[in-house]
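Presented below is the structure to which this report refers.
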Amino acid sequence: MARKKRKVKSMSLARHWRLQDERYKLIGRECAACGKKLFPTRDICPHCGSRDLKPYRFAGRGEIYSYSTIYQPPAGYEGFVPYTVALIRLDEGPLITAQLTDVDREGVEIGQRVEMVTRRLREYGPEGLIVYGYKFRPVLKG
Amino acid sequence: MKPNREVGIIGYGAYIPRYRIRADEILRVWKSIDSIHLEEKSVPGLDEDTITMAIEAARNALKRAAIDPQEIGAVWVGSESKPYAVKPTATIVAEALGATPHTNAADWEFACKAGTEAMQAAIGFVGSGMAKYALAIGVDTAQGRPGDQLEYTASAGGAAFIIGPKEESLAYLEGSYSYVSDTPDFFRRPHQYYPQHGHRFTGEPAYFKHTYCAAQHLMEELGYTPRDYAMVVFHQPNSKFPRRVAQRLGFTEEQLKPGFLVEVIGNAYAGSSPLGFAAALDEAQPGDRILLVSFGSGAGSDALTFTATEQIVKNDDTLLRVRDYISRRREIDYGTYCRYRDNLNNH
């Protein structure tokens, strides 16, 4: 893991804290007007324009729509290289981007069934915040 | 001892990481011991720690219990590898499960018996009527200094147990007994990454005395002998100690086998005996009585007796069992292990 000293700013503490529902529990929105499920959370339904959106917890399963392996990572992710990021079509409809985990590069396929797990996304150095959130791995069972 | 209101386990779940390093691979590098008594141990991935493992074990327990997480009155995590020195592991776990905010959350510590300690507290909490359900988790990413004997066994994993009323349980509590003393067999000072241990001193005055006495006193109190038990699970720091104490108490290899995991996953410290207990529950049939005996250095043992009910049998193929995690394995070499355990930065 990268051990650079990078202190977390108070603004990013609040930002990470605000995203906990999405990152820990895959909570997005369901449109009361058209019934579409949305992730990430939005204020207005992009399908019908309704503002009547309610929290919706996704089951956390889907399939790989496409993927790419990262060798030149953004700051904070150096320790995971090489890692695979995928577009995942959730069973409820939305397409989300997430890192894959517990996979080998050669074992990833389009159409593969995956499930959500909670893992370390990054840490702000040895003194800073550890950020947890969703990643996806091949379905273990069922 | 047991609470006035009868309680039991209404759901349980386990987690073991995917990666394994074989003991002979560690021996190849260090040549530091004469003989090996286990095959391999589990190793956490780069994005795993006590919190992520606790969350998955607890999610498995919740799925089996099929309850609303908002009904959980306490989330208690026992571990000696907290990702934060100050900031509870348990609040992050509780948040991820959806148990917050109307719940209690705390971290427990007693070396390798922190998990059963959390279970006992949960038994008391539910048994006193202070909560309908309480979640107790024993989990660790164990530390062992490179080249030390501990490196051959120190592994990762954990198990979670939801305690609730006896009438809803898949295994109910018959009684528990704790036995502790100030025995400095193994310890880690603040800001130190690796523990110190007393080599042979960790045996007779520490592990054997406490596990034997806790088990013996509990069986006497309940009026049972080893023959009354279907299975027995001890803390598993290596493959010799639990076998020896089982034999001294009068248990057979058959009783030990279902929860004996150290040879294939190593010693997950606070997750060790809880994982063994979860594996025993996976095999249990209604009426089976199980003895669980933890050991934590410093030192102490909790002994608990549970009996499986009709609800132990679940015909749900989507429930993950301990053996599912054991068979999910990716072998790594010592260099990869050093990277995953961040050993290049810790020296």
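Output the number of residues of the stretch B:65-84 satisfying the condition of being more than 16 Å from B:Val139 (Cα to Cα) and within 13 Å of chain A (Cβ to nearest Cβ).
Result for the stretch B:65-84: 3.
Can you tell me how many residues within the stretch B:301-311 are open to solvent by 10 Å² or more (accessible area, probe 1.4 Å) and either within 14 Å of another protein chain (Cβ to nearest Cβ) or of a type in the set (A, V, I, L, M) (or both)?
Summing the residues that are open to solvent by 10 Å² or more (accessible area, probe 1.4 Å) and either within 14 Å of another protein chain (Cβ to nearest Cβ) or of a type in the set (A, V, I, L, M) (or both) in the stretch B:301-311 gives 0.
If you take the residues of the stretch A:63-112 that are charged (D, E, K, R) and in contact (Cβ under 8 Å) with a residue 24 or more places away in the chain, which of them is least open to solvent (accessible area, probe 1.4 Å)?
Within the stretch A:63-112, the subset charged (D, E, K, R) is A:63, A:78, A:89, A:91-92, A:102, A:104-106, A:109.
Next cut, in contact (Cβ under 8 Å) with a residue 24 or more places away in the chain only: A:63, A:78, A:89, A:91-92, A:102, A:105, A:109.
Details: A:Glu63: 78, A:Glu78: 67, A:Arg89: 99, A:Asp91: 93, A:Glu92: 47, A:Asp102: 16, A:Arg105: 124, A:Glu109: 120 Å².
Taking the candidates together, the pick is A:Asp102.
Among the numbered conditions (1) over 26 Å from B:Leu62 (Cβ atoms); (2) open to solvent by 10 Å² or more (accessible area, probe 1.4 Å); (3) over 13 Å from the mean Cα position of the chain (by Cα), tell me where B:Pro237 comes up short.
Looking at each condition in turn, B:Pro237 falls short on (3).
Select from the stretch A:116-134 the residues that are more than 7 Å from chain B (Cβ to nearest Cβ) and either open to solvent by less than 20 Å² (accessible area, probe 1.4 Å) or part of a loop (DSSP other than H, G, I, E, B) (or both) and list them in ascending order.
Hits for the stretch A:116-134 are A:Tyr124, A:Gly125, A:Pro126, A:Glu127, A:Gly128, A:Leu129, A:Val131, A:Gly133.
Residue by residue, here is whether (1) surrounded by fewer than 19 Cβ atoms within 10 Å (Cβ to Cβ); (2) within 11 Å of another protein chain (Cβ to nearest Cβ); (3) of a type outside the set (Ser, Thr, Tyr); (4) over 26 Å from B:Glu56 (Cβ atoms) holds:
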residue	(1), (2), (3), (4)
B:Glu283	yes, no, yes, no
B:Gly287	yes, no, yes, yes
B:Leu291	no, no, yes, yes
B:Ala299	no, no, yes, yes
B:Asn315	yes, no, yes, no
B:Tyr325	no, yes, no, no
B:Arg339	yes, yes, yes, no
B:Asp342	yes, yes, yes, no
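Being touching a residue at least 12 places away in the same chain (Cβ under 8 Å) and among the β-branched types (Val, Ile, Thr) is the filter here, so list the residues in the stretch A:29-62 that pass it.
A:Thr41
Would you tally the residues in the stretch B:35-87 being open to solvent by 10 Å² or more (accessible area, probe 1.4 Å), outside any loop (DSSP other than H, G, I, E, B) and without any contact (Cβ under 8 Å) to a residue 40 or more places away in the chain?
2
So is B:Gly115 touching a Pro at 6+ places or on another chain (Cβ under 7 Å) and surrounded by 24 or more Cβ atoms within 10 Å (Cβ to Cβ) or not?
Spelling it out, B:Gly115 is indeed touching a Pro at 6+ places or on another chain (Cβ under 7 Å) and surrounded by 24 or more Cβ atoms within 10 Å (Cβ to Cβ).
Picking from B:Arg28, B:Arg18, which residue would you name as being in contact (Cβ under 8 Å) with a residue 60 or more places away in the chain, in contact with a helix residue (DSSP H, G or I) (Cβ under 9 Å, 6 or more places away or on another chain), surrounded by fewer than 19 Cβ atoms within 10 Å (Cβ to Cβ) and charged (D, E, K, R)?
Values: B:Arg18 fails: surrounded by fewer than 19 Cβ atoms within 10 Å (Cβ to Cβ).
Going through B:Arg28, B:Arg18 in turn, the sole match is B:Arg28.
The values are calculated or read from the model by the stated rules, or taken from the named source; none is laboratory data. Just so you know, these numbers come straight off a predicted model, no measurement behind them. Counting neighbours? That spans all protein chains shown, and the Cβs are built from the backbone with ideal geometry, glycine included. The protein model used for the area step is the full one, side chains on, heavy atoms only, and it has no ligands, DNA or RNA in it. Shrake-Rupley method; radii C 1.70, N 1.55, O 1.52, S 1.80 Å.
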